[in-house]
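What follows is a single structure, written as structure tokens, with notes after it.
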């Protein structure tokens, strides 16, 4: 852990506000990080040891690149308060979807359909807000749409015992077709969504206006960002501190034993999958009427899959998934500011969340321990 911290420090030394202009400091601190990694690997802790070595390499490489950049460009790109605020905005839809996926997968049902449920939430939130004139009604309509699509997935996965990966993929294509058709039928390809659709408001904390660093970050955030914090805490309490959470986890670990003591496996799984659709739809609703203010076909652009990767990174726990969502959000926030250096470089950096998704599926999923009964249909006897 010290090695990982030193690797990050090696890069941070070359960034504002310190902005060291010599490569000596990043290299020296990076060598210390590498030494800590080698020492850890030699003691048998290979996973975290190699993590420290990777952090050392990235710290040295990033530090060298930063020292070669002009101070003007660095000051334009690396504004920590702005980056953190943008990170929270990009991480919020991932947080909702990842926590929704946690409920579904903790109960034993794989939910690849998070992407489609987010897309349904994005469209129906905008449609509901535009027709009713209220963003709150839009959120309710989005939750109903996401829950309805999740109910379809639950029926095929639980009662018909269909392959959950294939079923989730079909759900994604179904949502893509439904929202694409309705978007063209209602709004048309040329006119698009109308202007002035009620948007989810920001929450302004005026007492933070003059507070250094905290004011620019937390002084004016969208209501959905604050709601994601509430959902994060509540989901942890429900899952790990209440009898309901114990039942969800027991159904995902050993459904036969849960059924033996009187827990309805079908009921718990249905409720968990529908709840995952409702939460994923809230993430999609934030994108359309909280962040962008309009709708476009396939506007979620793979965020449901990134949320699933965040869930795997986080070990199927809410705070771990939130930390992974912040990592993905930071890469998107940084990519927004990189055109100062290179337009093509910024586009390349935007692919980092998808690369991390592949890493999660290829490397982390084999080491993280998922619920024992995940993906296995249950037949009541």
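Expressed as an acute angle from 0 to 90° and rounded to the nearest 10, what is the orientation of the C-alpha long axis of helix 2-12 relative to the principal long axis of the chain?
Taking Cα atoms only, the helix is inclined about 70 degrees.
Arrange the peptides 310-316, 58-64, 47-53 so that the one whose residues have, on average, the most other Cβ atoms within 10 Å appears first.
On the way: 310-316: 24.1, 58-64: 20.3, 47-53: 17.7.
Top to bottom by mean Cβ count within 10 Å: 310-316, 58-64, 47-53.
Helix 80-106 versus the longest principal axis of the chain: what is the Cα-based angle in degrees, 0 to 90, to the nearest 10?
Rounded to the nearest ten degrees, it is 40.
Take every Cα-Cα pair in the chain and report what % of them are more than 36 Å apart.
Numbers: 21415 of 72390 pairs.
Everything past 36 Å amounts to 30 percent.
Show me 157-169, 265-277 ranked by packing, highest mean number of other Cβ atoms within 10 Å first. Display every interim value, and only then the final one.
On the way: 157-169: 17.4, 265-277: 23.1.
Going by the mean number of other Cβ atoms within 10 Å, highest first, we get 265-277, 157-169.
Sort 317-328, 13-24 by packing, meaning the average of other beta carbons within 10 Å per residue, with the highest value first. Provide the component values of the computation, followed by the final result.
On the way: 317-328: 21.7, 13-24: 15.2.
For the peptides 317-328, 13-24, the packing ranking is 317-328, 13-24.
In what order do 105, 253 fall by count of nearby beta-carbon atoms within 10 Å, going from fewest to most?
On the way: 105 24, 253 16.
So the residues, fewest neighbours to most, are 253, 105.
May I ask for the angle, rounded to the nearest 10°, between helix 46-67 and the longest principal axis of the chain, with both axes built from Cα atoms and the value confined to 0 to 90°?
Taking the Cα atoms of the chain, the angle to 46-67 is about 60 degrees.
Once the principal axes of the Cα atoms of segment 164-233 are found, what is the range along each, listed largest first in whole angstroms?
48, 38, 16
Please list the equivalent ellipsoid semi-axes of segment 1-82, computed as the square roots of five times the alpha-carbon gyration tensor eigenvalues, in descending order and whole angstrom.
On the way: eigenvalues 141, 27, 13 Å².
Equivalent ellipsoid semi-axes, largest first: 27, 12, 8 Å.
All of the numbers you see were taken from the coordinates with simple rules; none came from a lab. The structure presented is a predicted model; accordingly, all values stated were derived computationally and were not measured. We place every Cβ from the backbone using ideal geometry, glycine too, and count neighbours over all the protein chains shown.
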